[in-house]
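Quick note: the coordinates plus some simple rules give every number you see, no bench work behind them. All values derive from a computational prediction rather than experimental measurement. Backbone-built Cβ (ideal geometry, glycine too); neighbour counts: all protein chains shown.
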Amino acid sequence: MDGCQANSVNGGTDGGAKEPLNGSMEPSRVPPSARLSARFSSQARDATKPELSLRRELHRHGLRFRVQYLIPGLPRRRADLAFTRQKVAVFVDGCFWHACPLHCVVPKANREWWLWKFSTNSSRDADTNIKLAELGWTVVRIWEHEPLEHAVCKVTEALRDYGS
Ligand SMILES: [Zn+2]
């Protein structure tokens, strides 16, 4: 098994959308096809497969945690998994929405809007990391493409740092 580095507070938001637009004005766009918006809205709402696999594997290790946890003091930001006693928040970031530098392909249609969207998402992720750290949380970000063992390793390392 390769590395088990305790590099937990690395937002993983560098790279990604290569042409971030300045300002927060939402560019106009033609509406996406119904099929496309259905796909994206269900992805945004449901736990992803990598997230479910991680939850299952952590359970197998005897770990208990909250899911979709609303962080106190941080309105409207949910951690995918939260170890509330140790204050470790885990996010499983989708390669598309979070603009993974390896896998995110900007759709051709509404390109400008997507670049704005990815840039907005990345800024929000970075902001969430900072605010959580200020509240005393350790943030673990995992790409959906990361091998399961690697993801488990990152979480257990973060928990170990807190002497759980
Ligand atoms: Zn990826």
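Counting only lysines at least 8 places from LYS108 when in the same chain, those with an alpha carbon closer than 18 Å to its own are LYS18, LYS117. Classification of the stretch 106-150 by its C-alpha gyration tensor yields an oblate form. The axis ratio a/c (a ≥ b ≥ c) is 1.5 or more, and b/c is at least a/b. Model label sites at VAL105 and GLU26, defined 7 Å from Cα along the beta-carbon direction, differ in position by 2.6 nm. Highest mean packing comes first when the peptides 79-85, 51-57 are listed by Cβ atoms within 10 Å, giving 79-85, 51-57. In order along the stretch 54-63, the phi-based Karplus estimate (6.51 cos²θ - 1.76 cosθ + 1.60, θ = phi - 60°) of 3J(HN,Hα) comes to 5, 4, 5, 5, 5, 4, 4, 7, x, 8 Hz; Gly and Pro are listed as x. DSSP bridge analysis restricted to the stretch 34-161 gives an antiparallel fraction near 55%, rounded to the nearest 5. Could you tell me which of rounded, prolate or oblate describes the stretch 34-161, using a ≥ b ≥ c as the square roots of the eigenvalues of the alpha-carbon gyration tensor, with rounded for a/c under 1.5 and, failing that, prolate when a/b is larger than b/c and oblate otherwise? Verdict is prolate for the stretch 34-161.
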